[in-house]
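Undergrad: Input: one structure, supplied below.
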Amino acid sequence: MDGRSETFSEQQKLIVQVRRIFFGLAIFGLVSLFIVWQVQNERMERVRATIIGSIMPVIEWGGKPLTYAADVGTFIGTHLSLAERIEELQKETAQLTVWRERARILEQENARLRDILNTSKNVTSFVVSAQVIADTNSQFRFSALLDVGSENGISDGWAVMDGNALAGRISGVARKTARVVLLIDPSSQVPVKIVGQNSRGITIGDGTGQPQLKFASAASLIPGNRVVTSGDGGVFPPDILIGNLVIGQDQIPRVRLQADVLKLDYVTLRQPDEREAPPAADGGIVSTSIQGPKEP
Amino acid sequence: MEKTAKDWRFRLLFALALFFIVASIAAPVSLLPEIIPSPDLIYCLAICWLIRRPRYVLSFTVISATLLCELLILNSPGLWSAIMLLLCEYFRLNSERISRLPFWLEWGVAAFFFAIAQLSYHVILNIIFLPAAPLRAIVLHSAMTALCYPMVVLVTTFVFRVTKPSLKEVILFHTKANERKI
């Protein structure tokens, strides 16, 4: 009996020892991963993009129940307000028809004037549309994953727009996915100018819904002024709408974003440099999202 | 033999639950209208199970989930996972003691350790000049996690049927252990 109980406790002791060793190794491994990530940041970010790109299909599948439930919710919500929506849309359509006619006239006029001036046709910047496949926000980092990647000619630095307003910048591209760092992320800094004020500044995300506006001259800080990208530094094309200036209770100038960055769905991506289009550019516009609006 | 099969069934269940938590974090559905930090459900689930049945919780599973989460959001991965591993180990070693506490104290312990862990995590980030959350976000995040803990416990108890070992089980376990010795 004595011998048996001794082996039993010895076995237990061994298990405890092995556990301890594994625990130490794991802690060491995780901390060194963290340190390596700081030292070799660029390379590791590429690793991150690759890993995320390869496991995203599985994760997307796992999130299906939730997305489905949310879809049902919106579906019911839309049906409840269907009559109002139809009326609204009819009004909008009526207005848009007028605008379409006007646009046609302007287009013709534009072409005629170009002809007179004998200029070459302006290179339109390459535009890609994409769908958000994952919200990857934490309490202090704000980003999202898109369903386009290097396959579609996307690379770091592209501007991501929600409608006509800037939402963020591409950072981290895998073959089929790309990450957009939203304007409210602390690492997001965008050179901007205030329309009509000839004043420049930088918006810096600080984790709240409205990024701070820094380095702008105090005289130009009138709430309601429109803030657009200045194009300085060459990351973003100039004159993309960002939002309106607001001054909060803490007297810090902030920008109320035009883009609804926390509820992005379909976005368009714009190339930073307008000169060269990627080889995939065929006619200039590519629609990659499955349910996205098709070009006529 | 039968016992280990049951263990592995529950370990698999735990891994699946964590997987769906990570997937729903990533799903492009904004459940909260404003920027309110979402609760850390991985922590809640891991701690809740560790207090009840530490055998079912493999630290490897928890760390995989937190690492995946860290990769998905823009964190530099590793640090939070290491902290989670420390927390897991602490709760595993003290599981028996904590499981004897009344629920409100268990809740308090879980919330307290999360807040401390979050705080130290962000202090470290601040020290090495990485983007860290403002204090307000940390407090909100901890509060949300604390609020969600009872719900996770409810789901664990009534859906997963993972409960604290009853007195009968404890006695049975000890008599069996004694039998084995003799």
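The values are calculated or read from the model by the stated rules, or taken from the named source; none is laboratory data. The structure presented is a predicted model; accordingly, all values stated were derived computationally and were not measured. FYI the Cβ positions are ideal-geometry reconstructions off the backbone, even for glycines, and counts take in every protein chain you see.
Undergrad: Among B:Ser81, B:Ser99, B:Ser120, which is the only one that is of a type in the set (Ser, Thr, Tyr), in contact with a Lys or Arg (Cβ under 7 Å, 6 or more places away or on another chain) and within 26 Å of A:Arg19 (Cβ to Cβ)?
TA: Just a single option satisfies the conditions, and that option is B:Ser99.
Undergrad: I've got another one for you. Does B:Ile73 satisfy the criteria of being within 14 Å of chain A (Cβ to nearest Cβ), surrounded by fewer than 16 Cβ atoms within 10 Å (Cβ to Cβ) and over 16 Å from the mean Cα position of the chain (by Cα)?
TA: Numbers: within 14 Å of chain A (Cβ to nearest Cβ): yes; surrounded by fewer than 16 Cβ atoms within 10 Å (Cβ to Cβ): no; over 16 Å from the mean Cα position of the chain (by Cα): yes.
No, not satisfied.
For every residue, the table says whether it meets (1) under 15 Å from the mean Cα position of the chain (by Cα); (2) free of Cβ contacts under 8 Å to residues at least 24 places away in the same chain; (3) on the phi < 0 side of the Ramachandran plot.
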residue	(1), (2), (3)
B:Gly108	yes, yes, yes
B:Ala115	yes, no, yes
B:Leu119	no, yes, yes
B:Leu135	no, yes, yes
B:Thr145	yes, no, yes
B:Thr156	yes, no, yes
B:Val162	yes, no, yes
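Undergrad: Looking at the stretch A:180-216 only, could you name the residues that are among the small types (Gly, Ala, Ser) and out of contact with any helix residue (DSSP H, G or I) (no Cβ under 8 Å at 6 or more places or on another chain)?
TA: A:Ser187, A:Ser188, A:Gly196, A:Gly201, A:Gly205, A:Ala216
Residues checked against (1) aliphatic (A, V, I, L, M); (2) under 16 Å from the mean Cα position of the chain (by Cα); (3) surrounded by 12 or more Cβ atoms within 10 Å (Cβ to Cβ); (4) within 14 Å of chain B (Cβ to nearest Cβ):
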residue: A:Ser81; (1), (2), (3), (4): no, no, no, no
residue: A:Leu113; (1), (2), (3), (4): yes, no, no, no
residue: A:Val132; (1), (2), (3), (4): yes, yes, yes, yes
residue: A:Ala144; (1), (2), (3), (4): yes, yes, yes, yes
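Undergrad: Working only within the stretch B:46-80, note down all residues that are in a helix (DSSP H, G or I), within 30 Å of B:Lys3 (Cα to Cα) and not aliphatic (A, V, I, L, M).
TA: Those that are in a helix (DSSP H, G or I), within 30 Å of B:Lys3 (Cα to Cα) and not aliphatic (A, V, I, L, M): B:Cys48, B:Trp49, B:Arg52, B:Pro54, B:Arg55, B:Tyr56, B:Ser59, B:Phe60, B:Thr61, B:Ser64, B:Thr66.
Undergrad: Taking the conditions exactly as written (over 24 Å from the mean Cα position of the chain (by Cα), under 30 Å from A:Ser150 (Cβ atoms) and part of a helix (DSSP H, G or I)), does A:Val47 satisfy them or not? Spell out the reasoning first.
TA: Details: over 24 Å from the mean Cα position of the chain (by Cα): no; under 30 Å from A:Ser150 (Cβ atoms): yes; part of a helix (DSSP H, G or I): yes.
No.
Undergrad: Something else: Name the one entry in B:Leu125, B:Leu130, B:Leu172 that is in a helix (DSSP H, G or I) and either facing chain A (nearest Cβ under 9 Å) or in contact with a Ser or Thr (Cβ under 9 Å, 6 or more places away or on another chain) (or both).
TA: One residue alone meets the criteria, B:Leu125.
Undergrad: Taking the stretch B:87-122 on its own, how many of its residues are under 21 Å from B:Ile63 (Cα atoms) and exposed (fewer than 14 other Cβ atoms within 10 Å of the Cβ)?
TA: 4
Undergrad: Can you tell me how many residues in the stretch A:25-54 are closer than 19 Å to B:Val22 by Cα and surrounded by fewer than 14 Cβ atoms within 10 Å (Cβ to Cβ)?
TA: Of the residues in that region, 1 qualify.
Undergrad: For the stretch A:68-88, enumerate the residues that are hydrophobic (A, V, I, L, M, F, W, C) and closer than 25 Å to B:Pro28 by Cβ.
TA: Listed by number, the residues that qualify are A:Ala69, A:Ala70, A:Val72, A:Phe75, A:Ile76, A:Leu80, A:Leu82.
Undergrad: Which condition does A:Glu92 not pass, out of (1) without any contact (Cβ under 8 Å) to a residue 12 or more places away in the chain; (2) charged (D, E, K, R); (3) within 13 Å of chain B (Cβ to nearest Cβ), if it passes all the others?
TA: It fails just one condition, (3).
Undergrad: Tell me which residues, restricted to the stretch A:1-37, are at pLDDT 85 or above and hydroxyl-bearing (Ser, Thr, Tyr).
TA: Result: A:Ser32, single match.
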